[in-house]
Amino acid sequence: MSLAKFGLAAVFLALPMVALAAGAPAKKANSIDELAQMYDVSSCKECHEKEFGEWQQSYHAASLVGSPRTMATIASAIKDGLLKEYTKSGAKEIKDLTVEHLMICAKCHLPQLRDATDAVAQEIAQAAIAGADGDENAKKKLSKLGINCLVCHNSKALIHKWTDGEVEPDVIYGSKEGAHDDKRFPKLKVSQSLKESIMCGQCHGLGPNFELAEPTQCATLYGSYLHAYVPSGGDATCQECHIKQDGVGHAMQAYRNPKVAAKAVAVEVEARGYKFLPKAGDSVATALVTVKMSNKAGHRIPDG
């Protein structure tokens, strides 16, 4: 009997360690500051200064506040959607919001929210609404969070789980195997997905996110890429256009970069001038302008 009891106790004691090894966080973050600390990437700068600097200039680094419409749209989704139009969401006030509620935006704009409590979801919601109304302190608070090195090189790095397995919590995924000079992430492993467009398609997606209780649709870039660009003979990846070309690197710029924007659209303009004579002696100078614009990007534009 004593041996049986010991064996059962050992099983229960082992369970938390198994969960941790499978990638579950030891403890969920209870505030924005705790979540930012959990996903702190400041140490990456020591060896990857160039890439780190490029990333800091990207919209990924400011995924909650980046473009002029980002924070306002998130605020509207909360205030006008979750707390108003979605009458069966179970949320009437900010204090009712959960992580699951905010995943309609956070699935792509902050996937690490899965590692936080509902209190963090509520703090983000409050800050987004205040920030959209002009509160700079709220905007500064949200700026602590974003899509950073760990999101792409760890938590989102493996897509085909039955082929590649689950993401290991102490591994940085990239293009090589070996040791990694970092106490938190001492190992390097290869991710085949990182160099393929499917990596980006996880967020810049196919269309509605049907796995959510309230499917949302913001980005359809990957769907356009697969259904139009590739069947038309296109073979460039997202990374080739948005990282390797024009030296933009991890800034991953698009329309904000004049070189990238110029390649995306071909513009032809023809103009012909003549004089219109509505009545004798009354000549009006007139121009006929024909503008032809062709999409040269690997996906529809605009999109996200």
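FYI, it's all coordinate maths here, none of it is from the lab. Keep in mind that this is a model prediction, so the values were computed, not measured. Please note: Cβ atoms are built from the backbone with ideal geometry, for glycine as well, and neighbour counts cover all protein chains shown.
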Checklist outcome for this item: Karplus-derived 3J(HN,Hα) from phi for segment 155-170 (6.51 cos²θ - 1.76 cosθ + 1.60, θ = phi - 60°), whole Hz, x at Gly and Pro, runs 5, 9, 6, 10, 9, 8, 5, 6, 9, 9, x, 7, 5, 8, x, 10
Checklist entry - Shape call for segment 75-153 from the C-alpha gyration tensor, a ≥ b ≥ c root eigenvalues: rounded (a/c under 1.5), prolate (a/b greater than b/c) or oblate? => result oblate
Checklist outcome for this item: Under the Karplus relation with 6.51, -1.76 and 1.60 and θ = phi - 60°, whole-Hz ³J(HN,Hα) for segment 171-187, x at Gly and Pro, equal 10, 9, 9, x, 10, 8, 9, x, 7, 10, 6, 7, 5, 6, 10, x, 10
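How large is the charge dipole for the chain, taken about the Cα centre, if only the Cβ atoms of Lys, Arg (+1) and Asp, Glu (-1) carry charge, to the nearest 20 debye?
On the way: 35 positive and 35 negative charges, 104 e Å.
The calculation lands at about 500 debye.
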Checklist outcome for this item: Sorted by chain and number, the residues with a modelled amide H under 5 Å from that of V265, at a separation of 5 or more or across chains, are K296
Checklist entry - By how many degrees, 0 to 90 and rounded to 10, does the Cα axis of helix 2-21 deviate from the longest principal axis of the chain? => result 20 degrees
Checklist entry - Rounded to the nearest 500, what is the chain's calculated 222 nm mean residue ellipticity when only DSSP H runs of at least 4 contribute -39500 (n - 2.57) each, over all residues? => result -8500 deg cm²/dmol
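Starting from the Kirkwood Rh over alpha-carbon pairs, what translational D in µm² s⁻¹ does segment 20-251 have by Stokes-Einstein at 4 °C and 1.567 mPa s?
Details: Rh = 18.8 Å.
Roughly 69 µm²/s, to the nearest whole number.
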Checklist entry - So for the chain, taking the charge dipole from beta-carbon charges (+1 Lys/Arg, -1 Asp/Glu), which of A138, Q112, G249 sits furthest toward the positive end? => result G249
Checklist entry - Using θ = phi - 60° and the Karplus form 6.51 cos²θ - 1.76 cosθ + 1.60, what ³J(HN,Hα) does each residue of segment 229-235 get, whole Hz, x for Gly and Pro? => result 5, 5, x, 7, x, x, 10
Item to check | 5 angstrom amide H check on K187, placed H, neighbours 5+ away | outcome: I172, H180
Item to check | A29 long-range amide H proximity, modeled H, under 5 Å | outcome: A116, T117
Checklist entry - Taking Cα atoms, how many degrees apart are the long axis of helix 118-132 and the longest axis of the chain, rounded to 10 and kept between 0 and 90? => result 20 degrees
